[in-house]
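K.L.:
Following this message is one structure expressed as structure tokens.
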Amino acid sequence: MAEQIPVITIDGPGGSGKGTIARLLGERLGWHFLDSGALYRVLGLYAERSGVALDDEAGLTVLAHALPVRFEGGADGARVWLADDDVTSEIRTEYCGGLASKVAALPHVRAALLERQRAFRQAPGLIADGRDMGTVVFPGAPVKIFLTATAEERARRRHKQLNEQGVSVNLSALLREIAERDERDASRAVAPLKPADDAEIVDTTEVSIASVVERVLNIAERRLGISLIGEERF
């Protein structure tokens, strides 16, 4: 049964490192990986291309049910396709992140994507990355992690990432956008960004990626009562 398949949820605000940590955990354990944020980013892009307003909840819900998205490239979902268009790079822009935050605030849209996200729970296990994985999508997950970092640190990371991609962006503007999105995500009526009551909070500020991965693995082993480090990849 699906409920017996272990799930590690990794929630947190943008720039906290949850995507990187979740992907590395998936690769390390050979488990499946769900990038829930990609679904909302693709939906926001699909809405824009379809001429559906971001405040048209009924129209967006119809799009969500029929969203022609697929992930390719193995457990990490390396490539993201919208119908026949590879949108992997486009959905990672700050602009698409803003679209995602707006459509994700709509209750019926979130409900439409809920079962699609839960379908990722397949053997031998799932690493679920998002903002409400531990509170809404997989509330019964045995291992729940909430990553956090200061807004300044998250802005610095994003600034570095964009510069490496050849994108010029103002650090102060990034910090302002992050603060605005934090407020929007934390104050929305449905599935606000917050740690699950039984989540372990891990501050990644000035902590190496490798150290965070090891800490999460240690937490997971303790919660699951089994050794994960020696598991073979599928």
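K.L.:
Name the aspartates and glutamates eligible as straight-distance cross-link partners of K144: C-alpha to C-alpha under 16 Å, and not fewer than 8 places from it in the same chain.
P.N.:
E3, D11, D35, D129, D132, D197, D198, E200, D203, E214, E221
K.L.:
Another question about this same structure. Taking 7 Å along the Cα-to-C-beta vector as the label spot, tell me the E152-Q122 distance in nanometres, rounded to one decimal.
P.N.:
Taking the two extended label points, one gets 4.5 nm.
K.L.:
Using a Cα-Cα cut-off of under 22 Å, which lysines could be cross-linked to K102, ignoring same-chain neighbours fewer than 8 residues away?
P.N.:
Once the sequence-local lysines are set aside, what remains near K102 is K18, K194.
K.L.:
Another one. Amide H to amide H, which residues 5 or more places from E200 or on other chains are under 5 Å from it, using H placed in the peptide plane?
P.N.:
For E200, the qualifying residues are K144, I145, F146.
K.L.:
Separate question: What dipole magnitude, in Debye to the nearest 20, does the stretch 141-200 give about its Cα centre under +1 on Lys/Arg Cβ and -1 on Asp/Glu Cβ?
P.N.:
That gives a dipole near 200 debye.
K.L.:
What fraction of the DSSP beta bridges in the chain is antiparallel, stated in percent and rounded to the nearest 5? Let's see the in-between values first.
P.N.:
Details: 6 of 23 bridges.
Taking every DSSP beta bridge within the chain, about 25 percent pair in antiparallel fashion.
K.L.:
Between exposed GluC sites (Glu not before Pro) in the chain, where DSSP calls loop and at most 16 other Cβ atoms lie within 10 Å, what's the longest gap?
P.N.:
On the way: sites that count: E206, E231, E232.
Longest stretch, sites excluded: 1-205.
K.L.:
Is the stretch 1-70 best put as rounded, prolate or oblate by its Cα gyration tensor, with a ≥ b ≥ c the root eigenvalues, rounded for a/c under 1.5, and otherwise prolate when a/b is larger than b/c, oblate when not? If you can, show how the numbers build up before the last one.
P.N.:
Numbers: a/c = 2.73, a/b = 1.88, b/c = 1.45.
Taking the square roots of the gyration eigenvalues as a ≥ b ≥ c, the stretch 1-70 is prolate.
Laboratory data are not the source of any read-out in this text; all were calculated from the coordinates shown. Here the structure is a predicted model, which means the values were calculated and not measured. Virtual Cβ from ideal backbone geometry, glycine too; neighbours counted across all protein chains shown.
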